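Below is one structure; the comments refer to it alone.
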Amino acid sequence: LPAGASLMPVIKANAYGLGAVHIAQELERCGCRMLSTADLAEALELRRAGITAPILLLGPIDPLCVPEAMENDIIVPVVDAVHARLMDAQAENARGVLRTHIKLDVGLSRLGIPVPGREDEAEREVRSILSLRHLTNEALMTHISGMMEPAVIYEYEKEQNRIDTLRV
């Protein structure tokens, strides 16, 4: 990898049968500085096994789980301003700060703040999330889709990559 770049492997579904804990231990041993899991239960399994690398969840959590995520230094995606305010309130109640990544929907239509065609609204929503005092946002995240014919993918990816037009 180029200088300053790092790899963040996704370890989900028990590493597809290979053993999530074993794979995470090897990845840490090899120098991976950050890991990712699908959900909080998978992240907690790694923490209980002694994995210390930062762990980013790919999916959101119930705001009531915020204290547990904070206790275990789990980074949580924020999918919209309503979700963010609920998580901020839970973090405040727990007298802490939750590490987050703001999830943007750039065309897959799964989770996140919709961006294509509503860049100004998305920017306002991201700014409102950034103003919350008990969330510390570290990055923007998205899920780039590409399950189309190769001839169509290029134009579609150009549109998805317009997230760099957000001014936050």
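Here are the numbers for the structure shown:
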{"read-out": "Inter-label distance for Ala94 and Ala3, nm, one decimal - labels placed 7 Å from Cα along Cα-to-Cβ", "value": "3.8 nm"}
{"read-out": "Ranked by how many other beta carbons lie within 10 Å on average, peptides 95-107, 9-21, 55-67 from highest", "value": "95-107, 55-67, 9-21"}
{"read-out": "Whole-number Å³ per residue for the convex hull built on Cα positions in the chain", "value": "135 Å³"}
{"read-out": "Compactness of the stretch 33-99 as Cα Rg over 2.2 N^0.38 Å, two decimals", "value": "1.04"}
{"read-out": "Cβ crowding within 10 Å averaged over residues, with 115-121, 75-81 ranked highest first", "value": "75-81, 115-121"}
{"read-out": "Förster-model FRET efficiency, 25 Å R0, Arg118 and Asn72, C-beta, rounded to 0.05", "value": "0.15"}
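FYI, it's all coordinate maths here, none of it is from the lab. Since we're looking at a predicted model, the values are computed, not measured. Ideal geometry is used to build each Cβ from the backbone, glycine not excepted, and the neighbour counts take in all protein chains shown.
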